[in-house]
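Worksheet for the structure shown next.
The values are calculated or read from the model by the stated rules, or taken from the named source; none is laboratory data. What you see is a predicted model; the values in this text were computed from it and never measured. Reconstructed Cβ throughout: ideal geometry from the backbone, glycine too, with neighbour counts over all protein chains shown. Surface areas here come from the heavy atoms of the whole protein model, side chains and all, with no ligands, DNA or RNA. Shrake-Rupley method; radii C 1.70, N 1.55, O 1.52, S 1.80 Å.
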Amino acid sequence: MSRFSSSPFAHNNSSVQKIMLQVQLAAFPALLAHIMLFGYGIIIQWFLAVATALLVEFVMLKLRDRPVMPNITDFSALITVTGLVFCIPPESPWWVIVSGCAFALVFGKHLYGGLGYNPFNPAMLGYAFLLISFPAEMTQWTLPKDLAGYTLSFWDSFNHILFGVMPNMPIDSFTGATPLSTLQTGLQQGLSSQDMLQATYFESSWLNLTAWGWINIAFLIGGLWLLYTRTIRWQFPVGFLGALAFMAWVFHMINPALYAPISFHLLFGGTMLAAFFIITDPVSSSTTPMGRLIFAASIGILVYVIRNWGAFPDGIAFAILLMNIAVPLIDRYTQPRVLGHIR
Amino acid sequence: MSMFAGILIFLGLALAFGLLLGYAAVRFRIEGNPLAEIIDKKLPQTQCGQCGYPGCKPYAEALAKGEAEVNLCIPGGEPTMIEIAEILQVEPKPMQAEATEPKPKMLAVIDEDICIGCVLCIKACPVDAIIGTTKMMHTVIEKECTGCELCVPVCPVDCIDMVMEKPNLKNWKWPEPKAAAERTE
Amino acid sequence: MNIRLHQKLINLIASIYPMAKRWLHQFHGGVFPKYNKSLSLRQPLRTSYVPKQLILPLQQHMGEAALPCVEVGEQVKKFQMIAQPAKGLSAPVHAPASGKIIAIEQRILPHASGLAEPCIVIEPDAKQDAIENALGITHKPKTIAEFKQLLLNAGIVGMGGAGFPTFAKLPDQPKKIKHLIINGAECEPFITCDDLLMQTHAPEIVRAALFVAELFDVEQVICGIETNKPQAIEAMRQACEDTRIRLEEVATVYPMGGQKQLTQELIGVEIPSQLHSIDIGVVMMNVATLRAITQAIELGQPLISRFVTVSGMGLKKPYNIEALLGTPFNELVELAQPEPKLNYPLLMGGPMMGFAVAHNDVPVIKTTNCILANPPETSDEPMACIRCGECAEACPVSLLPQQLYWHARAHEYDKTEQLKLFDCIECGCCSFVCPSHIPLVQYYRHAKAEIREIKQQAKLTEIAKQRFDAREARLERDKHEREAKLAAKKAAVKQQAADAPKVEKTAADAPKLSAREKAIQAAKARQKASQTTANEKDATAKKASRKDNSKPAETAPAQSANDKRQAAMQAAKARAAALKAQKTASTETPANLTEQAQASSVEDTPSNSASAEDKRKAAMDAAKAKAAERKKRQQESSQ
């Protein structure tokens, strides 16, 4: 204790590490669901991502002349790459996740000065980089086991991801477009959203939910845990899901044939992942209570806009990056009223 | 036809903006020369004359007229120089010699045992902060001393010292904590 | 009834989601540290510990330091005033025990700075000589002025922590106070001194509150006590029975005891920023202050002791004590059996707002509510801010601590002010919850001090400028005046010359000439009359003759009194030779001249001034020598 250390001399024992580990813990239900529904690919991807993260962190900290141990053990890189792993197709080749993680950490975090200084969400920066660089790989999503009717073994996935060895089957039978892009192409071809949703592709197997639905539910469970432990702020999921649901409801009311219902928007794509794990990244999001709500709601609206009228099937990455830019502005105009001031 | 429309639109715009600018010039006109005032506000007001001008205001006026260099204020040091350069929109010039850092505030103290009451320091003090009269010892009004050191060289018996202000409960400051995340092992 | 249900519901939720407790109070944020209050409540209250030395700082309060009114070696009685209040905001100091003044010297204060300031040191004796009714009261004060004078004489200051002299916070008129709030919300962890005071002295607290309420014609008297002090609540409830005091239990949350927070909690009003609570008719008094008031108005006793909690994780037997002011911390801590040994700095105050003292023998002062002995723990190093916003959630005044931090760290002080830095009460909630362990409060304290200094500096600069301008104007005016005078004089001379050309010049001019000219003329006259000749070399004489334009310069040959002069010359030469040995070449000539001039026994002004100059030179040399010697000594000592 230095001579002039100031009060308080008490602490509630929270720490950055604990927060990050809490997030990691909350991702487990989704990870399990992912393995059950899509196979073991995600495990391999996750290990690849962690290895990349460790290497990149070490090299970057050395290059930036910062102490390695305290900074690498803050586990922030772990959260970044975990977020990214959930975004990419589980059976995509190894260099996708490796380049994505490296880009996210180097350009998303370290070049801005490390943890706490990055204006953009690193995971989404990495994801956007992958979407633009490797559109083909990024849109060929692994089909759920029950749809493909075939499960890749751990070993098959391993060989496929690392060495590009094809399993004994045509690639089309285990990968396909994601529901969101299917819906988008379907609508472009003049099909109505109801027809599309009733097509077998979206038929659910269990409890009237699709595989994607289950993944989203798993994220929701993890997210509720995060809310309970006060790791994330309620304004993020409430604002985001509220705005997205509101948009979906309004447009579905206007033209049900053209616009998918609320449940579709909330339970497909990366909705819940974004709501609880991605937009809640405190560093790159707004910091005032009101600002957080505006930030999250704006992302919700943007996601809906990009999903329906944009060129990309799921616009979460771009919506978040766009709103990251607006954060300083939002913060400036949403400062809370200080006690004893009239505004 | 469309060409004429274009020309007309541009003429109209030119007219509108011209009027706007003209109005602004009248409406927001500033009397006098505020530049010297602005610069004067940035100067440390020690009135030490180390710039070669008899005080801060004359130096500010000379700066405003463009007759003086921006790097002459020794007590203000580099920060003041940069501020002046910004106001005048000129290139900052490096400070001469060791005057890059602004000096910590010092106070003149007269050793009253030695003082012979020559009134030379009283004449030198730019802010009348020394009191006393012929053949009576002098003393510095601590509150008013700007620490300009002008009285030090004129004293024939070297009885004036510049001392640091003593820390007390009223001027004590919490030190700044060492910056987080900038630690190196 | 409804409120109770609401509270029960929240408490139920809080059992699964602890932070739900924040919904129980009015103000924003707040934290729930580990209170550890039971530690010091296990031991009974101690009284009457008299240390070997009592160290009484002259500055135990906000405002000006008191002025000592005793001498070293003097015998003082208990309750005797030993330092009187300075002008303005100040408070006197009284002797807590009878004894001898052994020193009035600089001692380290229980202050975050660790600076040494003047203290009166008393060596108590066993005689216990006390002045009964030291304040000389014959009846309870009848007027507000009388009461305030008594408060000042008794040296009563706010004992909750701020140390603001109590007399100064009360209004001069009745009916100005609408709400009198008794602050029994001791929200800092570990501290139980107010709790115990309420348990043991509730009637005294209530009597003082009622007296103040009566005197100031207060509309409402409310006492706020946190729910975690059931015994104190019970004692106060009994004391308040059949009185107008309304007892309110308030939620246990830090910082409930803050003035703004408790006011908001009890009467639902926010104290506007920049205003004092009295401006909205609220006066808050700590229970300890009220008890001190009772002692003053009923017994005529000034403030000489206070309840202090001696607690901490490093003590085997933490306790509460009614300690004499001036008792050194370490002596009190030793009584609590420290384990491990006391080799770390003690804290004054609670863990949330207290500070580490520079030396453990600092004394108990009027604002010491707690002495905390918490052995140092390995604290986590600060990490980068991840902008999680926990601090903003915890801030009881709804600031954005994390944005303040960015600006304070970047020294963008104008931005911190825009973010209402000066509304920060430094309660420490933000640092308490910061996962990155950033010493936020210290950043704010530093920034506040810097801003105050910048403002002070700006003020000084403005004064310097004004003084410089005034001086310039004065010099200019003087110059003009001198010129004007000269012009006027010239005009007058011309006029006179024109008026009376026949009159002999010197006689006509005489009354109007300046002293110096007069002197010169007088010298001339004497010269003529006595036929004594001035030495040709004498520069001043030459000058004088040169000045005189009306008459031709006289070259006076040296003729008369030759013998006498020669003798004098001899003597002078001898003296000059002696001087030469000591003096530098430059001083030689004038010295010689003077000697000659003196020798010629011409007692005119120039020679006088020359001799004065000589004396001055000598004095100057002596001074120079002194200064040089002193400089040398200083250098030696600094080396």
Losing no less than 10 Å² of accessible area (probe 1.4 Å) relative to the isolated chain, the residues of segment A:103-128 are A:Leu115, A:Gly116, A:Tyr117
Taking Cα centroids, how far is segment C:350-369 from segment A:53-90 in Å?
-> 44
Using θ = phi - 60° and the Karplus form 6.51 cos²θ - 1.76 cosθ + 1.60, what ³J(HN,Hα) does each residue of segment C:86-103 get, whole Hz, x for Gly and Pro?
-> 6, 5, x, 7, 7, 8, x, 10, 10, 6, x, 8, 6, x, 10, 6, 9, 6
Over segment B:106-164, give the accessible area per residue in Å² for a 1.4 Å probe, as an integer.
-> 47
Solvent-accessible heavy-atom area per residue, rounded to whole Å², over segment C:53-134 at 1.4 Å | 42
Residue-normalised value, i.e. accessible area per residue, for segment B:34-100 at 1.4 Å probe, in Å², stands at 50
From phi via Karplus (6.51, -1.76, 1.60), per-residue ³J(HN,Hα) for segment C:386-394 in Hz, x at Gly/Pro | 9, 6, 5, x, 4, 4, 5, 5, 8
On full extension of the chain, what length is gained from C:Gln238 through C:Ala458, given 0.36 nm per residue of separation minus the C-alpha to C-alpha distance?
-> 73.7 nm
Candidate cut points under trypsin sites (Lys or Arg not before Pro) in segment A:56-144, DSSP loop plus at most 16 other Cβ atoms within 10 Å of their own Cβ, are A:Arg64
What distance in nm separates the simple spin-label points at A:Trp234 and C:Asp172, each placed 7 Å from Cα in the Cβ direction?
-> 5.1
Can you list the trypsin sites (Lys or Arg not before Pro) in segment C:1-64 that are in a DSSP coil and have 11 or fewer other beta carbons within 10 angstrom?
-> C:Lys34, C:Arg42, C:Lys52
Vicinal HN-Hα couplings computed from phi for segment C:349-365 (Karplus, 6.51 cos²θ - 1.76 cosθ + 1.60; Hz; Gly/Pro x) = x, x, x, 7, 10, x, 9, 7, 7, 6, 9, 6, 9, 5, x, 5, 10
Find out how many positive minus negative residues lie around A:Lys109, taking Lys and Arg as positive, Asp and Glu as negative, among other residues whose Cβ is under 13 Å from that of A:Lys109.
-> -1
Taking amide H positions as placed 1.01 Å from N in the peptide plane, with prolines and chain starts having none, which residues 5 or more places from C:Gly312, or on another chain, fall under 5 Å of its amide H?
-> C:Ala373
Area buried, chain C against chain B - accessible surface, total, 1.4 angstrom probe, square angstrom = 4000
Summed side-chain charge close to C:Ala484 - residues other than C:Ala484 whose Cβ falls under 12 Å, Lys, Arg +1, Asp, Glu -1 | +3
Sorted by accessible area (1.4 Å probe), largest first, how do C:Glu331, A:Glu91 line up?
-> C:Glu331, A:Glu91
Keeping all protein chains in position, work out how much accessible area A:Met69 exposes to a 1.4 Å probe, and write it in Å² to the nearest 10.
-> 120
Value of relative contact order over segment B:106-164, rounded to a whole percent, pairs C-alpha under 8 Å and six or more apart = 48
Expected field for C:His6, accessible surface area in Å² at 1.4 Å probe radius, rounded to 10, holds 100
When A and C pair up, the total accessible heavy-atom area removed from solvent (1.4 Å probe), in Å² to nearest 100, is 4200
May I ask you to rank C:Phe211, A:Phe107 by accessible area, largest first, using a 1.4 Å probe over the protein chains only?
-> A:Phe107, C:Phe211
Calculated FRET efficiency, C:Asn11 and C:Lys142, Cβ-Cβ r, R0 45 Å, to nearest 0.05?
-> 0.40
Hand me the chymotrypsin sites (Phe, Trp or Tyr not before Pro) from segment B:2-38 located in a DSSP loop with no more than 16 other Cβ atoms within 10 Å, in residue order please.
-> B:Phe28
With every protein chain in place, segment B:34-100: carbon and sulfur % of accessible area (1.4 Å) | 52
For the pair C:Lys494 and A:Tyr333, what calculated FRET efficiency results from E = 1/(1 + (r/R0)^6), where r is the Cβ-Cβ distance and R0 = 60 Å, to the nearest 0.05?
-> 0.15
Listed residues C:Val333, A:Val238, B:Val152 arranged by accessible area, highest first, probe 1.4 Å = A:Val238, B:Val152, C:Val333
Can you tell me the FRET efficiency between C:Asp217 and C:Ala449 if r is taken as the Cβ-Cβ distance and R0 is 45 Å, rounded to the nearest 0.05?
-> 0.65
Compare each residue of segment C:320-345 in its chain alone against the assembly with all protein chains, and report those whose accessible area goes down by 40 Å² or more; 1.4 Å probe, heavy atoms.
-> none
Debye intensity ratio in log₁₀ form over the Cα atoms of segment B:34-100, taken at each q of 0.18, 0.28 Å⁻¹ | -0.53, -1.40
Zone residues, segment C:209-251, relative to C:Ala162, backbone N less than 16 Å from point 7 Å out along Cα-to-Cβ | none
Can you list the residues, at least 5 places off or on another chain, whose amide H is less than 5 Å from the amide H of C:Val76, using H built in the peptide plane?
-> C:Gly99, C:Lys100, C:Ile101
Pop out a list of residues from segment C:268-309 that are at least 20 Å² less accessible with all the protein chains around than in their chain alone; 1.4 Å probe, no ligands or nucleic acids counted.
-> C:Glu270, C:Ser273
Surrounding charge for C:Glu117, neighbours by C-beta under 14 angstrom, Lys/Arg +1, Asp/Glu -1, total +1
